[in-house]
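Data block below; observations after.
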Amino acid sequence: MMAYDMSPLFLSLKVAVISTFFVFFASIALARLMSRREFFGKSAIEALILLPLVLPPTVIGFGLIVLFGTNGPLGSLLENWFGIRIVFTWTGAAIASFVVSLPLMYQSVIAAFEKVDPRWENVARTMGVSEWRVFRTITFPLAWPGILAGLIMAFARGIGEFGATLMIAGYIPGVTETVPLAIYFAYEAGDMEKAAFWVIVISAVGIAAITWVNYWRKKTAVRIGRE
Amino acid sequence: MLTVDFQKTLEHFELAVQFRLEDEIMALVGSSGSGKTTLLNCIAGIDQPDRGEIILNSRDFYKEGKKPMKIQQRKVGYLFQDYALFPHISVEENILYGTSRGSDLSHVTELTDILGIRRLLPKYPHQISGGEKQRVALTRALAAKPDILLLDEPFSALDDDNTRRCQDELVRIHERWKIPVIFVTHRKADAERLADRVVRIEKGHMTEQL
């Protein structure tokens, strides 16, 4: 087998790690807000978070171009004020990953929080501890196995993102060429060996992620006394 | 002194309770679903009444028209019916959860010795029996030196020896701390042995038993 430039793998990992990092905090903040507060427009915001689950990636890509394009409301603002360009950059790929993986993580976090028995939180409150400490020491650790599963799904979705990434970041070898794009364009060019190489690589990353999450879930479940 | 005078509409009846409790031990008896746990939850701040008031030592826990006092500010020791021990931390961490660093913990050491749970301290809740969980939960409820103690079926999982030991300890703590104690029980013998007052609740209405 030929030696291939490994930059698509490193770029995919970079994009997935960065988008998962932001997805983690955004989903926890949103899940807390949605599960504890009632406010006008709550259903609409929730529908907006979950929308990428049911839309074709090309529609998401189109929406991102409208928002972050050079003439788009956010794109022109970022470029004029901070000199940050989103279209045709790896940042665009990370934003596409963020948008498609957020609903998966959000659903996992909501389900994980709902599984935490409210009696544990209430008994902690009767002991006089702050809401933040209740969350940090009771809710979050007990929800952690579900949150971890969501993180891995978000990471896997992020690393495998194709349609929206292609639309907003384009295919620029060495700049925005993630593994899914490398597979598609190798296949298009008739280079089946290269396409197969990247298929094996991305599959290995996926299997490693699933194995790792299963190991940690078991370990965490034992630690929190559920098994 | 605890003053309770409130109404709360439940699914099948209205819970209407009215009593004053000095630093006494009061037993709540009554069939399942009669409103006993809701009464404890309202005092603790987990549930809120629809109208009326709950006052402990001149502090308004709940007063109609005012914002209810937060659970955290009430200083309530609450032993839940099924213990509600935190499953992810050790017995020792459970007991010390609500205590502040540097505070006097001599009463906790004493309780762990008397209730025979010292050897359980490094274990996790899933590694101990139902009776042991109940004793740990009782110690935890007392660890932060509450102003009032609410116990929901505190002796239900204990054998006779441990029931006697826990009850003796509860009486001793009560004599020393002088706080109101309300405990829910199904066992008439527990109520008669331990309580200064016995109150029966049926379908939300309470009657004092003399």
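Miscellaneous remarks
- Rounded to the nearest whole Hz, the Karplus-based 3J(HN,Hα) values (6.51 cos²θ - 1.76 cosθ + 1.60, θ = phi - 60°) of the stretch B:32-39 follow the sequence 4, x, 8, x, 5, 5, 4, 4, with x at glycine and proline.
- Checking every one of the trypsin sites (Lys or Arg not before Pro) in the stretch B:1-90 against DSSP loop status and a limit of 13 other Cβ atoms within 10 Å picks out B:K66, B:K70.
- Kirkwood radius and radius of gyration were both taken over the C-alpha atoms of the stretch A:76-164, and their ratio Rg/Rh is 1.19.
- Counting other Cβ atoms within 10 Å as a rough exposure proxy, the listed residues A:L166, A:L151, A:L53 run A:L53, A:L166, A:L151 from fewest neighbours to most.
- Net +/- balance of residues flanking B:F6 in space, Cβ distance below 14 Å, scoring K and R +1, D and E -1: -2
- For q = 0.10 Å⁻¹, Debye-computed log10 I/I(0) when each Cα of the stretch B:23-138 counts as one equal scatterer: -0.40
- Taken over the Cα atoms of the stretch A:18-119, the convex hull encloses 119 Å³ per residue.
- Cβ-based exposure ranking for A:V199, A:V175, in which fewest neighbours within 10 Å come first: A:V175, A:V199
- Comparing mean-square fluctuations of A:T20, A:T165, A:T70 from a GNM of chain A with C-alpha springs under 10 Å, the top value falls on A:T70.
- Highest-MSF residue in chain B out of B:L121, B:L40, B:L15 [GNM, Cα springs under 10 Å]: B:L121
- Cα gyration tensor, chain B - rounded (a/c under 1.5), prolate or oblate: prolate
- For the stretch A:155-204, the direction-averaged projected area of the alpha-carbon convex hull comes to 3.5 nm².
- Residues whose amide H falls under 5 Å from that of A:E177, counting only those 5 or more places apart or on a different chain, are A:I172, with hydrogens built in the peptide plane.
- Global geometry of chain A, whether rounded, prolate or oblate, following the gyration tensor of its Cα atoms and the 1.5 cut on a/c: oblate
- If the convex hull is drawn through the Cα atoms of the stretch B:117-210, its volume per residue in Å³: 121
- Restricting the stretch A:65-120 to trypsin sites (Lys or Arg not before Pro) that sit in a DSSP loop and have at most 16 other Cβ atoms within 10 Å of their own Cβ leaves A:R85.
- Here the Kirkwood formula puts the hydrodynamic radius of the stretch B:66-128 at 13.5 Å, using every distinct Cα pair.
- Of the GluC sites (Glu not before Pro) in the stretch A:1-91, the ones in a loop by DSSP (not H, G, I, E or B) with at most 13 other beta carbons within 10 Å are A:E38.
- Principal axis dimensions, largest first and in whole angstrom, of the stretch A:125-169 by Cα: 53, 20, 8
- Residues whose placed amide H lies under 5 Å from that of B:F61, excluding near-sequence neighbours: B:I54, B:I55, B:L56
- Each Lys or Arg adds one and each Asp or Glu subtracts one; over the other residues with Cβ under 11 Å from the Cβ of B:R74, this totals +2.
- Whole-number D in µm² s⁻¹ for the stretch A:28-79, Kirkwood Cα-pair radius fed into Stokes-Einstein, 25 °C, 0.890 mPa s: 191
- Between A:L74, A:L104, A:L142, the residue with the greatest mean-square fluctuation in the GNM of chain A (Cα pairs under 10 Å linked by springs) is A:L74.
- For the protein assembly as shown, the fraction of alpha-carbon pairs in successive 20 Å shells from zero, as %: 22, 40, 25, 13, 1
- Sorted by Cβ density within 10 Å, fewest first, the residues A:V100, B:V184: B:V184, A:V100
Throughout, read-outs are computed from the coordinates displayed, never taken from laboratory work. Not measured: the values here are computed from a predicted model. Virtual Cβ from ideal backbone geometry, glycine too; neighbours counted across all protein chains shown.
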